[in-house]
Amino acid sequence: LGNMNWGLRASALVNGWDFSGFYYRSTDVQQTFYRSSVSPLTFTPKHERIRQIGATFSKDFGQFVLKGEAVHTHGRKFNSDDPLASDGLVESGTAEYVIGVDVPVGTQWRFNAQYFGRTFFDHDDGMFWDEHEQGVTLLVNHTLRSDLEAEVLVVAGLNHSDYMVRPKLVWQVSPEWKATTGLDVFGGDEMSFFGRYDDKDRVYAEVRRSF
């Protein structure tokens with residue numbers, strides 16, 4: 001039971017605005033790297049127990065949909081180059097937030113733009129992240145025909161000039177079968193979130209059957 005994930009959620013529709021609030025207790029899917037030795041320098045990944053409380057909203061304005069979310073997380077630890085930091089980690093609460101718009105254009109085009117950020121409440125100078133991290137995303141989706149669509153997603157960090165570009169094609173072969181192929185291109189500062197994968201761009205393909 002100590003490893004069980006559980007949560008509560010409440011939602012309400014007020015004058016066309018869709019609001020919700022939630023609480024979630026879970027084992028973090030994002031691993032924390034504990035420094036297990038200095039010479040040689042090695043790290044051991046572990047998954048912490050975290051608590052999250054947050055809220056979402058959305059509103060359909062006809063020509064576009066406005067939506068957003070904010071989450072406060074307690075219990076995460078972050079790597080630090082401070083030699084006095086226990087296990088090479090510093091614990092800090094965070095607030096993560098995103099606001100975006102979904103804009104359909106005709107029946108064949110869809111655009112989505114988002115601004116997102118993360119604030120560290122107990123920021124330490126030895127952390128690899130700034131106290132206020134920010135970024136933007138842009139997604140463009142185009143229906144080429146009834147069974148084929150193309151999409152490009154661009155995610156860019158504003159603090160470290162890192163980015164990911166993800167073009168892909170989705171082919172609905174039949175009602176049961178779907179094929180996807182795409183490319184992930186990473187770049188930026190080698191210590192940034194996407195920049196650390198700068199020499200690990202990838203091509204992928206997926207075939208899925210639904211039943």
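The values are calculated or read from the model by the stated rules, or taken from the named source; none is laboratory data. Keep in mind that this is a model prediction, so the values were computed, not measured. In this analysis, Cβ positions are derived from the backbone assuming ideal geometry, glycine residues included, and neighbour counts consider all displayed protein chains. Accessible surface areas use protein heavy atoms only, side chains included; no ligands, DNA or RNA. Shrake-Rupley method; radii C 1.70, N 1.55, O 1.52, S 1.80 Å.
With distances taken between every two different alpha-carbon atoms, region 78-154 has a Kirkwood hydrodynamic radius of 15.3 Å.
By the rule of a C-alpha distance below 13 Å, with chain neighbours fewer than 8 residues away ignored, the aspartates and glutamates paired with LYS200 are ASP184, GLU190.
Each semi-axis of the equivalent ellipsoid for region 23-125 is √(5λ) with λ an eigenvalue of the Cα gyration tensor; in descending order they amount to 37, 15, 12 Å. The heavy atoms of LYS46 offer some 100 square angstrom of accessible surface to a 1.4 angstrom probe. By a 1.4 Å probe calculation restricted to protein chains, ASP201 has an accessible surface near 80 Å², given to the nearest 10.
One Cα centroid belongs to region 183-211, the other to region 148-176; the line between them spans 10 Å. In region 112-211, Rg over Rh equals 1.11, where Rg is the alpha-carbon radius of gyration and Rh the Kirkwood radius from pairwise Cα distances. Counting only lysines at least 8 places from LYS67 when in the same chain, those with an alpha carbon closer than 26 Å to its own are LYS59, LYS168. For the chain, the convex hull spanned by the alpha carbon atoms encloses 177 Å³ per residue. In the chain, excluding the sites themselves, the longest stretch lacking any of the GluC sites (Glu not before Pro) that are in a DSSP loop with at most 13 other Cβ atoms within 10 Å is 1-175.
With the biggest extent put first, the Cα atoms of region 1-67 measure 60, 32, 11 Å across the principal axes.
In this structure HIS74 has an accessible area near 80 Å², from a 1.4 Å probe over the protein heavy atoms.
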